[in-house]
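One structure is given here, and the rest of the page talks about it.
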């Protein structure tokens, strides 16, 4: 069975979330922190051997005060990130165990991920070396000028909205980050694309919400209630209903 490590970046500043007390991965969602909802879907899997949560250095004291017991019991690893998201992923890559075959990067602020979608993107990564979740764009897209007027209408044909997890064969992702350069990095797949390696797209779901604003948090509350349920014999985490998750 191929082995997977999962990196959960949670070191951003959450500026658009506009909460004076909590960054979006650490705020409560249906009784537990957002990052825990994201982590729990990976922790119980037989193929997932390592979960790394990346936090900002300035958050370390508060994070351990709030979640230290969870970290100890669940076996997640904590590492400190950098200024940009790619810096945080790069820091976590140095901590991935040597016997890991594939590395998945999943937004810590994307709590509504279902086991079914993880299964699909993991399987696609094993087959193609690089796979990401995405959904086709359904809305009309318009480019807006500096005066907030419509400059042009853009065809949505062939356009997809990218999600996470993004999953790569270990050697491929390490090579991609080694050749990162100084150009802006919007997601991990972009670095793999720059190597000329194809990235396979797996259809995700609009329920796989990334929390950016308070409205997203309300949507995530509803999405959690209608996520596809794993099979009874599927990989469930033994602490899923335990108070240690709260």
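The values are calculated or read from the model by the stated rules, or taken from the named source; none is laboratory data. For clarity, every value in this text was computed on a predicted model and none was experimentally measured. All Cβ positions, glycine included, derive from the backbone under ideal geometry; neighbour counts span all protein chains shown.
Yes/no per residue for (1) touching a helix residue (DSSP H, G or I) at 6+ places or on another chain (Cβ under 6 Å); (2) more than 25 Å from residue 159 (Cα to Cα):
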| residue | (1), (2) |
| --- | --- |
| 94 | no, yes |
| 100 | yes, yes |
| 105 | yes, no |
| 109 | yes, no |
| 117 | no, no |
| 121 | no, no |
| 125 | no, no |
| 130 | yes, no |
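Kindly indicate whether residue 149 is closer than 30 Å to residue 13 by Cβ, at pLDDT 95 or above and either touching a helix residue (DSSP H, G or I) at 6+ places or on another chain (Cβ under 9 Å) or surrounded by fewer than 19 Cβ atoms within 10 Å (Cβ to Cβ) (or both). So residue 149 fails the test. The combined condition, being buried (at least 16 other Cβ atoms within 10 Å of the Cβ), free of Cβ contacts under 8 Å to residues at least 24 places away in the same chain and in contact with a strand residue (DSSP E or B) (Cβ under 8 Å, 6 or more places away or on another chain), is not fulfilled by residue 134. Within segment 13-36, restricting attention to residues that are buried (at least 23 other Cβ atoms within 10 Å of the Cβ) and not in a strand (DSSP E or B), the residue that is modelled with the lowest pLDDT is 23. If you go through segment 72-85 and keep only what is modelled with pLDDT of 90 or more and in contact with a helix residue (DSSP H, G or I) (Cβ under 7 Å, 6 or more places away or on another chain), you end up with 76, 78, 79, 80, 81, 82. Within segment 37-53, if we keep just the residues that are over 25 Å from residue 215 (Cβ atoms) and part of a helix (DSSP H, G or I), the residue that is farthest from the chain's Cα centre (by Cα) turns out to be 43.
If you check 90, 56, 108 for being modelled with pLDDT under 95 and within 17 Å of the chain's Cα centre (by Cα), only one passes: 56.
If only residues of segment 111-145 that are farther than 14 Å from residue 208 by Cβ and in a loop (DSSP other than H, G, I, E, B) are counted, the one that is farthest from the chain's Cα centre (by Cα) is 145.
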